[in-house]
Amino acid sequence: MKTSLVLAFLSAGMLVLAGCSATTEEVTVTDETLVADSEETTAQVETTLFATTTILGSVLDEIVTCVGSDAVAVDVLMPIGADPHDFAPSSEQMALMAGAGIIVANGLGLEGGLDDTFDQLEADGVTVLHVAEWIDPLPFAEMATDGHDHGHDDEHSEEEAEGNEHAHGEFDPHFWFDMSRMADVAGQLGVELEPILGAQSLTCSDEVAEGILATEQEVIDTLSVIADDRRLLVTDHEAFSYFAARYDFEIAGVVIPGGSTLAEPSSQELAALVATIEELSVPALMGNIHEQSDLLTAVATESGDLSIVSLYVGSVGGPDSGAADYRSMMLTNAQLIADALSAG
């Protein structure tokens, strides 16, 4: 994946300036040099496609790599490990995005710090694709836990639903945890990118979608070792509802309600969560490897020193993490969850 960093652009510019300062005695220009320079100019990138998150960047890069066009590059706005909920672009990144061919964004409020940026870019004529809106997103208010109310009364449930809608909007943006939905997004990206990538965009996006579905079957096989009564997830925030719905898990509770990492639970909510964990004998808690939560650690301690499984949530991992792209991220998460919930 080719992640754009403003410093890299600046460094490259300094190298060019340094090269221009050479004297005529130091540079010998031949016909072959002119031909090579011309060919290099022709091969330069003409269009940059931006993705907001590393997860979307991974899928977008796979499509563009399949097409094999040297004239199109993929840049990812957020660095590895960034929290999409509160990321804000620099002025340099804003300038780069203003010249983008297309920006592939998650949408549905995931990139809350970018909402005004998207509005401005779209007003200036930049195409921003909000891909989570394509895949029949799940409403926050309909996220049930297999009929278990865990002692919540109707009034509390209504307040919780209203809080969820306020945090992100009506719909849950964390669609990538359902790999079938991500495959649908990959296929639709091929249609949207055809004017830039050409007809091969359609073939390549279909190939990428098929690869995602093949990996999904591996994920399903990995998770199959977990018994039905242990398919319980308690997570640091409400990000795994698509995962639970697709792969037959129950969301037993969340530490930070409302689908965002920015909310703050009350002491009563945390006490109720601990009671639920103890009542259901939840085997382990699920955290974010890039964003360690003190609240989750406190809940784990209060619940009997439960282990915390560090998963890749809003970002892929680094080059040596075993989760450096979307598909390997999902496989790694599945193995970590299977190991934690099938043990004992």
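Observations, loosely collected:
- Contact map, region 243-257: first residue farther than 12 Å from R231 by Cα and without any contact (Cβ under 8 Å) to a residue 24 or more places away in the chain, second residue assigned to a loop (DSSP other than H, G, I, E, B) and not basic (K, R), Cβ cut-off under 8 Å, separation 6 or more or different chains; pairs are V254/E238.
- Of the residues making up region 76-105, those that are under 15 Å from the mean Cα position of the chain (by Cα) and either at positive phi or surrounded by fewer than 23 Cβ atoms within 10 Å (Cβ to Cβ) (or both) are P79, I80, G81, A82, D83, H85, D86, F87.
- Note on region 210-228: among residues that are of a type in the set (G, A, S) and either closer than 25 Å to S281 by Cα or touching a Leu at 6+ places or on another chain (Cβ under 9 Å) (or both), the one that is surrounded by the fewest Cβ atoms within 10 Å (Cβ to Cβ) is A227.
- Taking the numbered list (1) in contact with a helix residue (DSSP H, G or I) (Cβ under 8 Å, 6 or more places away or on another chain); (2) more than 25 Å from G190 (Cα to Cα); (3) polar (S, T, N, Q) in turn, T117 passes all entries but (2).
- Odd one out for T42, checked against (1) surrounded by fewer than 20 Cβ atoms within 10 Å (Cβ to Cβ); (2) modelled with pLDDT of 95 or more: (2)
- Beta carbons closer than 8 Å, at least 6 apart along the sequence or on distinct chains, never pair a first residue in region 103-116 that is without any contact (Cβ under 8 Å) to a residue 24 or more places away in the chain and farther than 20 Å from P139 by Cα with a second that is part of a loop (DSSP other than H, G, I, E, B) and aromatic (F, W, Y).
- Residues (under 23 Å from the mean Cα position of the chain (by Cα) and among the small types (G, A, S)) located in region 272-327: G287, S293, S310, G314, S315, G317, G318, S321, G322, A323, A324
- Residues that are open to solvent by 60 Å² or more (accessible area, probe 1.4 Å) and out of contact with any Phe, Trp or Tyr (no Cβ under 8 Å at 6 or more places or on another chain) were ranked within region 280-303; the one that is nearest to T54 (Cα to Cα) is E291.
- For region 189-197, the condition of being modelled with pLDDT of 70 or more, within 23 Å of F243 (Cα to Cα) and surrounded by 15 or more Cβ atoms within 10 Å (Cβ to Cβ) holds for at least one residue.
- Enumeration of residues in region 300-326 that are free of Cβ contacts under 8 Å to residues at least 60 places away in the same chain and outside any loop (DSSP other than H, G, I, E, B): A300, T301, E302, I308, V309, S310, L311
- For I251, the stated conditions hold: it is part of a strand (DSSP E or B), open to solvent by 10 Å² or more (accessible area, probe 1.4 Å) and not basic (K, R).
- Flag for M329 being within 28 Å of D136 (Cβ to Cβ), in contact (Cβ under 8 Å) with a residue 40 or more places away in the chain and in a helix (DSSP H, G or I): yes
- Against the test of being under 30 Å from L295 (Cβ atoms) and part of a helix (DSSP H, G or I), the options D221, D236, D229 yield a single qualifying residue, D229.
The values are calculated or read from the model by the stated rules, or taken from the named source; none is laboratory data. Note that the structure is a prediction, hence the values are computed from the model and not measured. Because the Cβ atoms are built from the backbone with ideal geometry, glycine has one as well, and the counts that use them run over all protein chains shown. Note: areas computed on protein heavy atoms with side chains; ligands, DNA, RNA excluded. Shrake-Rupley method; radii C 1.70, N 1.55, O 1.52, S 1.80 Å.
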